[in-house]
Amino acid sequence: MLKFSEYLAVALAATIKFVGGPLAGVAFKLSWWETSIFSSLGMMLTVFLVIYGGEIITQLIARFRGNKPKKIFSRTTRIAIKVKSKLGLWGIALLTPFIFTPILGSFLALHFRFNKVEILWKMLICALFAGAVQTWFFYFVKSWFV
C-alpha cells in the first residue's frame with residue numbers, strides 16, 4: 001500500500017508540472033523506470049482530462065470571465081503561433097514536459113484543432129521520452145551529492 005501511495009504521489013506531482021514527477025520519484029527512492037513511467041502516466045492523465053473535458057472547462061472559464069475584448073496578437077499568442085507554425089504538434093508535444101505545463105500544452109494542441117487521438121499518441125511518446133531523460137538527469141545529479 002505504501003508503494004502505491006508513492007506511485008500516486010509521483011503521478012500527481014507530474015499532472016501539474018512534469019518536472020515534479022521525477023523529483024518526487026528521486027525523493028521517494030523509486031527506481032528510475034518506476035519514476036519515469038509514473039511521471040508519464042501523471043502527464044497523460046492531465047492531457048486526457050483536458051482533451052476530453054476541455055470544452056466544459058473552457059465554457060466554465062468563459063462564464064466567469066464575462067465578455068472582455070480580446071487582444072488578437074498578444075505576446076503569448078505570437079509565441080504559440082510560432083511554435084505551431086514551425087514545429088507543429090510534435091513541437092508542442094515535445095515542449096510540453098520541458099517548458100509548458102501538461103495543461104497548457106494540451107490546451108494549445110486542442111486550440112489549434114489537432115486530432116484528439118493524434119494529440120494523445122504524440123503526447124504519450126514525448127512524455128515517455130521526457131520522463132526517461134528527466135529521471136535519468138535527476139538520478140545523475142543525486143549521485144553527485146550522495
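What follows draws every value from the coordinates through simple rules; no lab data is involved. Keep in mind that this is a model prediction, so the values were computed, not measured. Neighbour counts are summed over all protein chains in view; Cβ atoms, including those assigned to glycine, are modelled from backbone coordinates with ideal geometry.
Charges on Cβ only, +1 for Lys and Arg, -1 for Asp and Glu, centred on the Cα centroid of region 37-146; of TRP90, MET44, THR58, which one is farthest towards the dipole's positive end?
THR58
Considering the values (1) 1.14; (2) 2.17; (3) 1.02, which represents Cα Rg over 2.2 N^0.38 Å as calculated for the structure under consideration?
(1)
Taking trypsin sites (Lys or Arg not before Pro) that fall in a DSSP loop and have at most 11 other Cβ atoms within 10 Å as cut points, what is the longest piece of the chain between them?
Working: sites that count: LYS29, LYS70, LYS71, ARG113.
It runs 72-112.
Students often get this wrong, so check it: of LYS82/LYS142; LYS17/LYS86; LYS82/LYS116; LYS29/LYS116, which have C-alpha atoms separated by over 29 Å? Working shown, then result.
Numbers: LYS82/LYS142 36 Å; LYS17/LYS86 24 Å; LYS82/LYS116 21 Å; LYS29/LYS116 35 Å.
Check vs 29 Å cut-off fails for LYS82/LYS142; LYS29/LYS116.
Charges only on Cβ, +1 for Lys and Arg, -1 for Asp and Glu: so what's the dipole of the chain about the Cα centre, in debye to the nearest 20? Display every interim value, and only then the final one.
Details: 17 positive and 4 negative charges, 177 e Å.
Here the size comes out at about 860 debye.
Ranking THR76, THR15, THR58, THR96 by Cβ neighbours within 10 Å, fewest first, what do you get?
In order of increasing Cβ crowding within 10 Å: THR76, THR58, THR15, THR96.
Between region 92-146 and region 1-49, how far is it from one alpha carbon centroid to the other, in angstrom?
First find each Cα centre; the distance between them is then 13 Å.
Using just the helices of the chain, give the 222 nm mean residue ellipticity in deg cm²/dmol: DSSP H runs with n ≥ 4 each add -39,500 (n - 2.57), and the total is spread over all residues, rounded to 500. Kindly include the intermediate steps, with their values, before the conclusion.
On the way: 6 runs with 121 residues, N = 146.
Using -39500 (n - 2.57) per qualifying helix, the result is -28500 deg cm²/dmol.
Normalised by the empirical 2.2 N^0.38 Å for globular proteins, what value does the Cα Rg of region 23-88 take?
1.66
Using DSSP to call loops (not H, G, I, E or B), can you name the chymotrypsin sites (Phe, Trp or Tyr not before Pro) in region 71-146 whose Cβ has at most 14 other Cβ atoms within 10 angstrom? Let's see the in-between values first.
Numbers: sites: PHE73, TRP90, PHE98, PHE100, PHE107, PHE112, PHE114, TRP121, PHE129, TRP136, PHE137, PHE138, TYR139, PHE140, TRP144, PHE145; in loops: PHE73, PHE100, PHE112, PHE114.
Those satisfying the criteria are PHE73.
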